[in-house]
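Trainee: Encoded as structure tokens, here's the structure I'll be asking about.
Read-outs: derived from the displayed coordinates by stated rules, not from any lab. Keep in mind that this is a model prediction, so the values were computed, not measured. Note that we place each Cβ from the backbone using ideal geometry, even for glycine, and neighbour counts take in every protein chain shown.
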């Protein structure tokens with residue numbers, strides 16, 4: 001019996017040793033086949049990091065874990081390639097579901113409301129940072145990594161290397177989400193058409209200044225007018241592209257910082273304070289006190305209304321007629337078809353699909369005919385304000401997920417964001433999260449084929465682009481109000497002013513319900529008393545703030561453009 005027991009024990013030890021060995025064999029095969037030199041780590045350090053994953057995962061081998069994200073190229077790579085590699089290396093079976101962005105938020109919201117563990121981890125936008133901080137249903141990762149999750153936190157994770165760390169940090173100084181992918185909305189234009197000598201001469205003759213990257217909306221408008229109806233490459237072209245169908249994606253078009261580009265809200269990086277780019281104002285305790293100008297907010301202020309009026313005007317005058325009936329996903333591929341001269345609100349997540357061989361917007365040598373540049377700003381915008389949106393899809397662990405499942409999911413989250421794999425993943429999806437990856441030589445070499453993406457992300461300008469901030473106390477509830485309100489303006493059912501008046505009133509109803517419920521405690525909403533726009537502006541200015549601003553009578557300011565090549569050189573200096 002004793003001999004048999006020893007034999008059994010020896011067998012188990014050999015089996016465990018064999019499993020560990022097999023994990024590293026799988027890891028080495030993965031590094032050979034998938035990673036190679038596309039990593040910021042040496043091969044020896046890659047193997048060291050993989051060995052850590054093999055060892056840390058042992059207690060969870062055999063578990064089946066479910067995670068979810070929206071469907072973009074980066075997450076498709078994770079789901080199809082990295083999830084399998086992780087499972088092979090660690091023995092933890094990962095199912096990485098890909099669903100629509102709105103569906104991700106809905107699943108997360110359901111888990112928050114029911115307490116049922118639907119997914120073991122979510123990649124959801126850092127737009128929910130204010131929600132996670134106030135409801136305290138997501139694990140605070142700063143404390144998690146130092147305590148319960150310490151044994152499954154990669155010593156080589158290097159949080160300071162993540163360029164979106166500030167986006168996922170709450171006012172309490174704690175990290176609530178780990179960035180997995182990021183992309184910005186920037187200005188996109190046909191570099192070849194802008195450098196055409198006839199176009200340059202014709203533009204200068206008509207408008208009196210040089211054709212170039214527009215610094216402000218006034219110049220963008222002139223350029224849109226100039227190109228619309230003009231013939232380029234044998235086709236009639238348009239000076240602008242957008243979308244206008246009353247659909248949930250219309251909401252993103254505006255919550256993704258369109259108002260801030262116009263000059264809504266206050267100065268502040270990554271978000272305006274005390275009034276943010278949604279027009280929601282907070283007090284010194286970070287409690288939301290209002291959305292309408294009557295309570296010191298700016299959702300229906302002159303800057304916000306101006307932003308909606310320009311959106312509607314440009315869509316009607318300068319975009320293809322079918323754009324008004326398109327959704328976000330339908331409009332995305334249109335510039336690649338070769339009839340759009342510029343787009344003020346273009347997501348860098350489209351880059352991977354925009355550089356494919358054979359497209360009308362690509363040269364025969366593999367370089368693009370287009371470039372991306374910083375977004376132009378509206379007449380209400382002031383230096384020191386954010387200038388656009390940067391998505392940061394980020395890993396979130398809910399407290400309703402059992403500890404062992406959360407630990408196993410956290411290992412996967414770190415694997416797909418690790419220094420070992422991040423350079424390769426970034427080459428696939430072009431959604432950068434690490435400074436070390438941006439600095440990698442392979443992106444210096446690839447930069448000429450990516451239309452300015454690398455130059456932008458390596459530039460100081462990058463800091464002016466950020467996601468929704470912490471002023472928004474319940475992103476799922478509030479975000480769904482936007483597309484309905486903007487849709488009314490887009491369809492002509494309401495004026496821009498009426499639509500924004502309605503939106504701010506609906507937002508305040510939600511704030512009032514949260515305040516009455518008391519569920520967010522002393523960091524939840526506390527609605528302020530109402531006064532006039534003039535009185536709110538006077539109080540803001542007296543306190544050294546901007547919002548809400550008074551209406552500027554002449555909203556057509558002096559147009560300004562800049563030479564793209566000179567702009568890039570200024571970044572490099």
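Trainee: Based on the mean of other beta carbon atoms within 10 Å per residue, what is the order of 91-100, 424-433, most packed first?
Mentor: Sorting 91-100, 424-433 by mean packing, highest first, produces 424-433, 91-100.
Trainee: If I model a spin label as a point 7 Å beyond the Cα along the Cα-Cβ vector, how far apart are those points for residue 269 and residue 236 in nm?
Mentor: If labels sit at residue 269 and residue 236, their model points lie 4.4 nm apart.
Trainee: Which stretch or stretches of region 431-447 have amide N atoms under 20 Å from the point lying 7 Å from residue 45's Cα along the Cα→Cβ direction?
Mentor: Taking a point 7 Å out along Cα→Cβ of residue 45, the residues of region 431-447 whose backbone N falls under 20 Å are 432-445.
Trainee: Further question on the same structure: Give the separation of the Cα centroids, region 270-347 to region 512-573, in Å.
Mentor: When both Cα centres are located, 13 Å separates them.
Trainee: In whole Å, largest first, what are the principal axis extents of the Cα atoms in region 391-509?
Mentor: That works out to 52, 45, 23 Å along the principal axes.
Trainee: Suppose R0 equals 45 Å. What FRET efficiency, 1/(1 + (r/R0)^6) with r the Cβ-Cβ distance, do residue 24 and residue 110 give to the nearest 0.05?
Mentor: For R0 = 45 Å, the calculated efficiency reads 0.70.
Trainee: Exposure proxy check: 566, 455, 148 ranked by fewest other beta carbons within 10 Å?
Mentor: The fewest-first ordering by Cβ neighbours comes to 566, 148, 455.
Trainee: Against the longest alpha carbon principal axis of the chain, how many degrees, from 0 to 90 and to the nearest 10, is the axis of helix 197-207 turned?
Mentor: That works out to roughly 50 degrees.
Trainee: Calculated FRET efficiency, residue 509 and residue 284, Cβ-Cβ r, R0 22 Å, to nearest 0.05?
Mentor: FRET efficiency, residue 509 to residue 284: 0.35.
Trainee: Counting other beta carbons within 10 Å of each Cβ, put 275, 334, 213 in order, fewest first.
Mentor: 334, 213, 275
Trainee: In region 475-509, which residues have a backbone nitrogen under 20 Å from the label point lying 7 Å from residue 172's Cα in the Cα-to-Cβ direction?
Mentor: Once the point is set 7 Å along Cα→Cβ of residue 172, 475-476 turn out to lie under 20 Å by backbone N, inside region 475-509.
Trainee: Hey, how many Å between the Cα centroid of region 79-95 and the Cα centroid of region 128-145?
Mentor: When both Cα centres are located, 26 Å separates them.
Trainee: So if I take the centroid of the Cα atoms in region 23-71 and the same for region 360-407, what is the distance between those two points in Å?
Mentor: Comparing the Cα centres of region 23-71 and region 360-407, I get a distance of 27 Å.
Trainee: For the chain, report the translational diffusion coefficient in µm²/s to the nearest whole number, using Stokes-Einstein at 25 °C, 0.890 mPa s, and a Kirkwood Rh over Cα pairs.
Mentor: Rounded to a whole number, D works out at 98 µm²/s.
Trainee: Using only alpha carbon pairs under 8 Å that are at least six residues apart, calculate the relative contact order of the chain and give it in whole percent.
Mentor: 24 percent
Trainee: If you fit an axis through the alpha-carbon atoms of helix 302-318 and take the longest principal axis of the Cα set of the chain, what angle between them do you get, 0 to 90°, nearest 10?
Mentor: 80 degrees
Trainee: Okay, next question. Fewest first, what order do 240, 440, 377 take by the number of other Cβ atoms within 10 Å?
Mentor: By the 10 Å Cβ count, ascending: 440, 377, 240.
Trainee: First measure r as the distance between the Cβ atoms of residue 517 and residue 58, then evaluate 1/(1 + (r/R0)^6) with R0 = 45 Å and state the FRET efficiency to the nearest 0.05.
Mentor: After rounding, the FRET efficiency stands at 0.55.
Trainee: Would you mind checking region 241-266 for residues with the amide N under 15 Å from a putative spin-label position 7 Å along Cα→C-beta of residue 316?
Mentor: 244
Trainee: May I pose another question? Starting from 0.36 nm per residue, how many nanometres of slack lie between residue 37 and residue 330 once their C-alpha separation is accounted for?
Mentor: 101.8 nm
Trainee: Next question. If one takes the longest principal axis of the Cα atoms in the chain, at what angle in degrees, from 0 to 90 and to the nearest 10, does the Cα axis of helix 533-542 lie?
Mentor: 70 degrees
Trainee: Simple spin-label model, 7 Å along Cα-to-Cβ: residue 364 to residue 383 in nm?
Mentor: 4.6 nm
Trainee: Something else now. How much mean residue ellipticity at 222 nm does the chain get from its helices, if each DSSP H run of length 4 or more adds -39500 (n - 2.57) and you divide by all residues, to the nearest 500 deg cm²/dmol?
Mentor: After summing the helix terms and dividing by residue count, I get -12500 deg cm²/dmol.
Trainee: Multiply the residue separation of residue 353 and residue 95 by 0.36 nm, subtract the distance between their alpha-carbon atoms, and state the gained length in nm to one decimal.
Mentor: 90.3 nm
Trainee: Figure the gain on full extension for residue 497 and residue 565 (residue separation times 0.36 nm, minus the Cα-Cα span) and round it to one decimal in nm.
Mentor: Value of the extension gain: 20.6 nm.
Trainee: For region 112-228, list log₁₀ I(q)/I(0) at each q in 0.11, 0.12 Å⁻¹, using the Debye formula over Cα point scatterers of equal strength and ignoring solvent, two decimals each.
Mentor: Listed by q, the Debye log ratios stand at -0.60, -0.64.
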